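Engineer: Below: one structure in C-alpha cells.
The values are calculated or read from the model by the stated rules, or taken from the named source; none is laboratory data. Just so it is clear, the model here is predicted, and its values are computed rather than measured. Neighbour counts are summed over all protein chains in view; Cβ atoms, including those assigned to glycine, are modelled from backbone coordinates with ideal geometry. Heavy atoms of the whole protein, side chains included, go into the accessibility calculation; ligands, DNA and RNA do not. Shrake-Rupley method; radii C 1.70, N 1.55, O 1.52, S 1.80 Å.
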Amino acid sequence: MSTSLDHAQALLPRETPVRLIDQNGAAFADDTYALPSAERLVAAYGALVNGRRLNDQCSALVRQGRMAVYPSSHGQEACQVAASLVLGENDWLFPTYRDTVAIVNRGVTPEEALVLLRGDWHSGYDPHRTRVAPQATPLATQLLHAVGLAHAATLRGEDTVVMALCGDGATSEGDFHEALNFAAVFMVPVVFFVQNNEFAISVPLAKQTHAPSLAHKAVGYGMPGQRVDGNDVAAVMAVLTEAVDRARAGGGPSLVEAHTYRMQAHTNADDDTRYRERDEVKAWVERDPLTRMRAYLSTAGLLSADDEEALAAEAETMASDLRDALNREVEVDPEDLFKYVYADRPAHLQRQWSQLQDELARSDAWASGADAETSGTHGSAQGNNGTKELAS
C-alpha cells in the first residue's frame with residue numbers, strides 16, 4: 001500500500017506553479033528547474049515580440065473584414081512560444097484554434113496559418129512538411145489525433161514526441177479523458193499542455209471543475225502532472241522540456257497546466273464585459289509575459305535598445321507582409337466544394353455539381369446580357385447627345 005501511495009504522491013503537481021522569473025523580471029531560484037540558457041531566452045523574447053505583433057495585426061484584419069474570426073492569444077504568448085521551442089525537428093505540434101502564434105513559431109508562414117480563420121480552407125499548410133497538425137476548432141478532438149500519431153510513431157520505432165495543446169474548457173470534454181487514459185496505458189510519448197486562461201468562453205474555471213488544479217487530474221490516469229506560471233516563458237520552457245525529454249526517453253505522457261489569462265475577448269464575436277470585471281483584466285496586465293522577459297533580459301545585459309529596435313522592425317515586416325497577403329483577393333473555384341470530399345465522386349454529389357454549374361452558367365449569361373444592355377443604352381445616349389450637339 002505504501003509503495004502505491006508513494007507512486008501516486010510522486011505524480012502530483014506542486015501546490016504552487018513553477019516560476020523562474022517573477023512579474024518584475026527578477027530571477028527565482030528553483031531546486032528542480034534551471035533557467036534556460038541566455039541564448040534560448042533571447043530567442044524566446046524575439047518570438048514573444050513577433051507573437052504579440054501577430055496577435056494585434058490579426059485582430060485589426062478582422063475589423064477590416066479580411067478575416068472571418070480571430071481567437072487572440074494576447075497575454076498567452078509565453079505558452080505558445082515555449083510549446084514550439086521545446087520540440088525537436090521530428091516532433092509534432094497539435095494546436096487549437098487559439099494557437100496561431102505557436103504554429104507560426106514552428107515555421108508555418110502567417111499567411112498559411114490564417115487560411116482557416118479567413119474561412120478559405122480547413123488548413124493552409126502541409127501538416128507532413130511542417131509537422132504541425134491542422135488547427136482544431138472543436139474542443140479536445142485534436143488530443144485523440146495527437147495520441148494516435150504518437151502511438152503510431154512508437155510502433156514504427158520513430159523518435160517522435162507530440163505536444164498536444166488544449167485549453168481549460170477542453171478538459172471538460174470526454175475526448176480529454178479518452179486521450180489521457182489511452183496515452184497512459186500504452187505509454188505514448190505525448191505531452192498534454194493545458195493553457196488554463198481561466199475561462200471557457202464565458203464559463204469560469206470554478207464552474208468546470210472542483211479539482212485542486214487541472215494538473216491534479218494527471219494522477220487519475222497514472223501520469224505525472226505539473227503546474228507552471230504560464231506568463232513566465234522561462235519556467236514554461238523548463239517544465240515542458242522536462243516533459244518532452246521524459247517522453248522521448250520512454251517515460252510516457254505528462255500533463256502540464258500553465259496558469260495564464262486571456263487578456264482579450266474569446267473572439268471578435270464575444271463581449272467579455274458581460275462575464276468578467278475590468279479590474280480583473282487589469283490585474284493581469286502587470287503579469288504580461290512580454291514585459292516580464294524584457295525586464296529580465298535588460299537587467300541581465302542581454303537586451304539593448306538596438307536589439308529591441310531590430311526585433312520590432314522584424315515584427316513589423318512580418319505584419320506588413322501579412323497585410324499584403326490577406327489584402328489579395330482569393331480566386332475561388334466552385335468545384336472545390338466537391339473535389340475533396342470523396343476520392344471517387346458519388347452520383348448525388350455529381351448531380352449537385354451539375355446543378356451548380358447550370359446555375360453559374362445562367363448567372364453568367366444574365367450578367368453578360370445586363371452588361372450588353374447597359375452598354376447599348378450608354379451608346380444610344382451618346383448618339384443622341386451627339387445629334388443634339390450638331391443640331392445646336
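Engineer: Counting only DSSP beta bridges with both residues in the chain, tell me the antiparallel percent, nearest 5.
Structural biologist: Once the DSSP bridges in the chain are tallied, antiparallel ones form about 10 percent.
Engineer: What number, in percent, do you get for the relative contact order of the chain if the mean sequence gap of Cα pairs under 8 Å and at least 6 apart is divided by its residue count?
Structural biologist: 22
Engineer: What is the extension gain from Asp56 to Ala27, computed as 0.36 nm multiplied by their sequence separation minus the C-alpha to C-alpha distance, in nm to one decimal?
Structural biologist: 7.6 nm
Engineer: Still on this structure, I have one more. For the range 127-232, what class follows from the C-alpha gyration tensor (a ≥ b ≥ c being the square roots of its eigenvalues): rounded when a/c is under 1.5, otherwise prolate if a/b is larger than b/c, else oblate?
Structural biologist: It comes out prolate by the Cα gyration axes.
Engineer: So between Ala367 and Lys207, what do we pick up on full extension, going 0.36 nm a residue minus the alpha carbon distance?
Structural biologist: Extra length from Ala367 to Lys207 when fully extended: 52.1 nm.
Engineer: Given a 1.4 Å probe, how much area per residue of the range 23-99 is accessible, in Å²? All intermediate terms of the calculation are to be shown ahead of the outcome.
Structural biologist: On the way: 2860 Å² over 77 residues.
Heavy-atom accessible area per residue stands at 37 Å².
Engineer: If we sort 160-168, 175-183, 265-273 on the protection proxy, mean other Cβ atoms within 10 Å, highest first, what's the order? Let's see the in-between values first.
Structural biologist: On the way: 160-168: 26.7, 175-183: 20.9, 265-273: 15.0.
Averaged packing, sorted descending, gives the order 160-168, 175-183, 265-273.
Engineer: Given an 8 Å cut-off on Cα distances and at least 6 residues of separation, report the relative contact order of the range 204-295 as a percent.
Structural biologist: 27
Engineer: Now, a different point. If you put +1 on each Lys and Arg Cβ and -1 on each Asp and Glu Cβ, how big is the dipole of the range 1-45 around its Cα centre, in Debye rounded to 20?
Structural biologist: 120
Engineer: Taking the alpha-carbon distance from Lys207 and a cut-off under 16 Å, which aspartates and glutamates remain once sequence neighbours fewer than 8 residues away in the same chain are dropped?
Structural biologist: Correct list for Lys207: Asp168, Glu173, Glu198.
Engineer: Then there is this: Would you mind telling me the share, in percent, of accessible area of the chain contributed by carbon and sulfur at probe 1.4 angstrom?
Structural biologist: Carbon plus sulfur share of accessible area: 52 percent.
Engineer: In the range 3-43, which residues have a backbone nitrogen under 20 Å from the label point lying 7 Å from Asp306's Cα in the Cα-to-Cβ direction?
Structural biologist: Inside the label zone: 39, 42-43.
Engineer: Now for a separate question. Taking only the alpha-carbon atoms of the chain, what semi-axes of the equivalent ellipsoid follow from 5 times the gyration tensor eigenvalues under a square root, in whole Å, largest first?
Structural biologist: Three semi-axes, in Å: 48, 28, 19.
Engineer: Evaluate the distance, in nm, between pseudo-label points positioned 7 Å from the Cα of Thr299 and of Gln64 along their respective Cα→Cβ axes.
Structural biologist: 3.8
Engineer: Here is a further query. Modelled label-to-label distance, Ala10 and Tyr275, 7 Å Cα→beta-carbon offset: nm?
Structural biologist: Those two pseudo-labels are separated by 4.0 nm.
Engineer: Answer rounded, prolate or oblate for the range 70-143, using the Cα gyration tensor with square roots of eigenvalues a ≥ b ≥ c: rounded when a/c is under 1.5, else prolate when a/b is larger than b/c, else oblate.
Structural biologist: On the way: a/c = 1.39, a/b = 1.12, b/c = 1.24.
Note, shape of the range 70-143 comes out rounded.
Engineer: How much FRET efficiency would the formula 1/(1 + (r/R0)^6) give for Asp336 and Ala43, where r is the Cβ-Cβ distance and R0 is 45 Å, rounded to 0.05?
Structural biologist: 0.70
Engineer: Still on this structure: When ranked by the protection proxy of mean other Cβ atoms within 10 Å per residue, highest first, what sequence do the peptides 283-294, 336-347, 138-149, 225-236 form?
Structural biologist: Those peptides, ordered most packed to least, come out 225-236, 138-149, 283-294, 336-347.
Engineer: Find how many whole Å separate the alpha carbon centroid of the range 160-228 from the alpha carbon centroid of the range 51-79.
Structural biologist: Taking the Cα centre of the range 160-228 as reference, the centre of the range 51-79 is 25 Å away.
Engineer: Still on this structure: Largest first, please: the extent of the C-alpha atoms of the range 229-368 along each principal axis, to the nearest Å.
Structural biologist: Principal axes ranked by extent give 69, 44, 38 Å for the Cα atoms.
Engineer: Sticking with this structure for a sec: Going by average Cβ neighbours within 10 Å, how do the peptides 200-206, 358-364 rank, with the highest at the top?
Structural biologist: So the peptides 200-206, 358-364, ranked by packing, come out 200-206, 358-364.
Engineer: Further question: Projected area of the range 1-106, taken from the Cα convex hull and averaged over every viewing direction, in nm²? All intermediate terms of the calculation are to be shown ahead of the outcome.
Structural biologist: Working: hull surface 40.6 nm².
Mean projected area for the range 1-106: 10.2 nm², to one decimal.
Engineer: For the range 1-58, build the convex hull from the C-alpha positions and give me its volume per residue in Å³.
Structural biologist: 146
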